[in-house]
Amino acid sequence: MGKQPSSLVYQIFQHRFPATFKGFFYFLPISLALTTLLLIFIYISTTANVTKTHSQTTLYLQTLPSLINNIDQTSNLSIVPFEDNEDDNDNLFADPSRTARLSRASQWLLGNIFGLIDGNDTNNKEAYHDGDIFLQDYKQMNKSLKIYVYPHSKDDPFANVLLPPDTDCKGNYASELMFKKALMESHFVTKDPNEAHLFYMPFSISSMRSDPRIDVHGIPDFVQNYMSNITLKYPYWNRTGGADHFYVACHSIGKIAFEKAFVARLNVIQLVCSSTYFPSSYLPHKDASLPQVWPRGGDPPNLLTSQRKRLAFFAGAVNSPVRIALLKVWENDTEIFAHFGRLNTPYSEQFLGSKFCIHVKGFEVNTARVADALFYGCVPIILANHYDLPFSDILNWKSFSVVVHHIDIPVLKKILQGISNEEFAMLQSNALRVRKHFQWHTPPIDFDAFHMSMYELWKRRSVVRVRFTPSMEFM
């Protein structure tokens, strides 16, 4: 009886299936085995060069620390003293066990071979995560958002820190002052705290930094005293513990502003240029990234006349291990122009003559090079680990930039050369679409850096508000 099921199956197989079908089942295991062997052979062949690159990179990473001491002589450059704040797990000068992360390079190459990924994952073609929802929310924000600004008079001894500037904003950290100036002249400001979604503390970190009465070391004391004053004079902070309050900072020194007001830092919204995931003081769901923009007058250049013959371009100071690594690998390359120090020619020529423009972490993750690249129609390369990129919850950065890990510097050219002309055209087209979000205007215009920053604040507003009675306002 126990053999009947097997006999039944045998009889069905013998009488119901043709001989060609039975032959297929015979050759199927052999075909699968041969296919597996072929894929293994292709994998070994295509990764041979990557393995060689990895071994060279391991030696490079092991010897790089000793090269730092000699870089002045080899490159005729001086190194700006720096402190690397990143975790040891992300240190470029890693021990050999950490170089396993270089397998990322093989992912780039194999992805192109098997059609799994295309360079910068350029299947992400849309510049916005959801353009329709963004436009709908943006209109609502522009119509309803209200900000209460703590008032200060021109006679205040620190009016230069608390009031918007009277002159044009210039320099590397102009975004901080441009925001304040634009906000104070906008329809978003209300004098009625009952209408306010958010409360703005208008002190400027960049102004405090340059004020000899405060200086860098006095910033935490100034902020602590400011917090004490507004909590004693107004009831607005106390109702939420500061969760509906925000401040703006573009200089990296702003991260120490709340060192002496730790509890406040946990609640207050930070709109900052140095938006990195690494320090615990920045929380992306609470805080927001402000684009660092070097103000430029006039309209963007005519890109139709520019010929981009160079693959990639970078110029800047030697002030971080990442930039030293970029220098040691690519300073003598003919396709990637890595120049450390000031250029003898206008920067605009290099931006307009290069397909990709490299943003490299310096003292902090942020520089104005991202906005510069977009302004000149050059696709940004982001070499800044842990960077919470501006407007990343709105913009799809993979559609107009190439984000590269520090450890992939030795294979940077392979990554960029793996991007086809069609893919580059898509990246550049999207870069031109989004560059309006990285420009400041006086007065502001729709969808510029100011309005996008206001949108980020609107998304972080509290949904619960307490109305103030007259007695509460004068407590």
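Distance from the alpha carbon centroid of region 330-385 to that of region 177-221 works out to 31 angstrom.
Neighbours of Val293 by Cβ distance under 13 Å: Lys/Arg scored +1, Asp/Glu scored -1, total +2. When His285, His187 are compared by accessible area of protein heavy atoms, the largest-first order is His285, His187, using a 1.4 Å probe. Straightening the chain between Lys125 and Lys286 buys 55.1 nm, computed as 0.36 nm per residue apart minus the Cα-Cα spacing. Counting 0.36 nm for each residue step from Val189 to Asp168 and taking away their Cα separation leaves a gain of 5.4 nm.
So what is log10(I(q)/I(0)) for region 244-323 at q = 0.24 1/Å, when the Debye sum runs over its Cα atoms only? With no solvent term, the Cα-only Debye profile gives -1.17.
With Cα atoms defining each centre, region 265-290 and region 129-152 are spaced 19 Å apart in the structure. Each Cα pair under 8 Å and six or more residues apart adds its separation to the average, and for region 305-439 the resulting relative contact order is 23 percent. Available extension along the chain between Ala159 and Lys139 is 3.8 nm, counting 0.36 nm per residue and deducting the alpha carbon span. Placing one equal scatterer on every Cα of region 288-393 and applying the Debye formula, the log10 ratio I(q)/I(0) at q = 0.17 Å⁻¹ is -0.81. Rounded to whole numbers, the Karplus 3J(HN,Hα) couplings from phi for region 338-352 are 10, 10, 10, x, 7, 7, 7, 10, x, 4, 4, 5, 6, 5, 6 Hz, using 6.51 cos²θ - 1.76 cosθ + 1.60 with θ = phi - 60°, and x at Gly and Pro.
Near the amide H of Leu198, within less than 5 Å, lie the amide hydrogens of Lys146, Tyr148, all on another chain or at least 5 residues away, with H placed in the peptide plane. Put a dot 7 Å past the Cα of Lys309, heading toward its Cβ, do the same for Glu349, and the two dots end up 1.2 nm apart. Sequence-distant contacts, meaning Cα pairs under 8 Å at least 6 residues apart, place the relative contact order of region 132-292 at 21 percent. Taken about its Cα centre, region 305-439 carries a charge dipole of about 200 debye when Lys and Arg each add +1 at the Cβ and Asp and Glu each add -1 at the Cβ.
The values are calculated or read from the model by the stated rules, or taken from the named source; none is laboratory data. Nothing here was measured: the structure is a model prediction, and the numbers come from that model. Note: ideal-geometry Cβ built from the backbone for every residue, glycine included; neighbour counts use all protein chains shown. The area values use the complete protein model at the heavy-atom level, side chains included, leaving out ligands, DNA and RNA. Shrake-Rupley method; radii C 1.70, N 1.55, O 1.52, S 1.80 Å.
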